[in-house]
1. For the structure I just gave you, tell me whether A:SER31 is more than 22 Å from B:TYR88 (Cα to Cα), buried (at least 20 other Cβ atoms within 10 Å of the Cβ) and in contact with a Pro (Cβ under 7 Å, 6 or more places away or on another chain).
2. Does B:ILE20 qualify as being within 14 Å of another protein chain (Cβ to nearest Cβ), touching a residue at least 12 places away in the same chain (Cβ under 8 Å) and among the hydrophobic types (A, V, I, L, M, F, W, C)?
3. Conditions first: (1) in a strand (DSSP E or B); (2) within 12 Å of chain B (Cβ to nearest Cβ). A:ILE12 passes all but one, so which condition is the exception?
4. I need the full set of residues from the stretch A:86-114 which are outside any loop (DSSP other than H, G, I, E, B), buried (at least 22 other Cβ atoms within 10 Å of the Cβ) and within 13 Å of the chain's Cα centre (by Cα), in order please.
5. Does B:SER69 meet the test of being assigned to a loop (DSSP other than H, G, I, E, B), of a type outside the set (Asp, Glu) and either at pLDDT below 95 or open to solvent by 70 Å² or more (accessible area, probe 1.4 Å) (or both)?
6. Might you let me know whether the stretch A:66-82 holds any residue that is within 14 Å of chain B (Cβ to nearest Cβ) and open to solvent by 30 Å² or more (accessible area, probe 1.4 Å)?
7. From the list A:GLN18, A:GLN54, which residue is in contact (Cβ under 8 Å) with a residue 24 or more places away in the chain and among the polar types (S, T, N, Q)?
8. State yes or no: is B:ASP84 more than 13 Å from every other protein chain (Cβ to nearest Cβ) and open to solvent by less than 10 Å² (accessible area, probe 1.4 Å)?
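The values are calculated or read from the model by the stated rules, or taken from the named source; none is laboratory data. All values derive from a computational prediction rather than experimental measurement. Heads up, the Cβs are rebuilt from the backbone with ideal geometry, glycines too, and the neighbour counts pull from every protein chain shown. Accessible surface areas use protein heavy atoms only, side chains included; no ligands, DNA or RNA. Shrake-Rupley method; radii C 1.70, N 1.55, O 1.52, S 1.80 Å.
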Amino acid sequence: KAGVTQTPRYLIKTRGQQVTLSCSPISGHRSVSWYQQTPGQGLQFLFEYFSETQRNKGNFPGRFSGRQFSNSRSEMNVSTLELGDSALYLCASSLAGGYVYEQYFGPGTRLTVT
Amino acid sequence: DQQVKQNSPSLSVQEGRISILNCDYTNSMFDYFLWYKKYPAEGPTFLISISSIKDKNEDGRFTVFLNKSAKHLSLHIVPSQPGDSAVYFCAARDAGGTSYGKLTFGQGTILTVHP
């Protein structure tokens, strides 16, 4: 079974621009969660989608948004990029949202904002 | 407000010895705890988990201990191997209200196992 895939793997953007990251979950997994990883902060939860609906949301500004499609693929969008948005963005999939026993992570997208 | 804390940013251990990684939490609504391992340029991979109704779970060289009264969990790796060198994250699942199912991660501990 193919693992979680994320595209692109690396991205360089300029302050003020917007960016869209993509995540394809493991086949059959209906829940997709997004995390931001920065040095010293660990993994900060952004949001979780299940069956195209946002189920949980972390404490991030409205510039961060996401969506999930009917095939469970998910996208994350960040508008008006700031330097502090530079981070590794990870998505994780699991069989069912709300009953997470383990999540399977993708390799991440490394976003650099200059 | 950091609900899950890993107070040791790094840990260095000799091959063959025990590695003990610690994690503290504050939210009494956490009902399930997980440990993940992360190598550079890869996403975290699930290692071992424990339900809040247990105090110990073992899987090969890995054992997780949970002390609910102290809101503390630890991961023991015995014996430690150089291939265990990675960043270890503990995570806790929220069983409360609108946050049900949400995972909260600690900051991570870098484990280095020296040959």
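1. No, not satisfied.
2. Here the answer is no, as B:ILE20 does not meet what is asked.
3. It is condition (2) that A:ILE12 fails.
4. Selection gives A:TYR89, A:LEU90, A:CYS91, A:ALA92, A:SER93, A:PHE105.
5. Judged against the criteria, B:SER69 is a match.
6. No, the stretch A:66-82 has no match at all.
7. Only one candidate qualifies: A:GLN18.
8. yes
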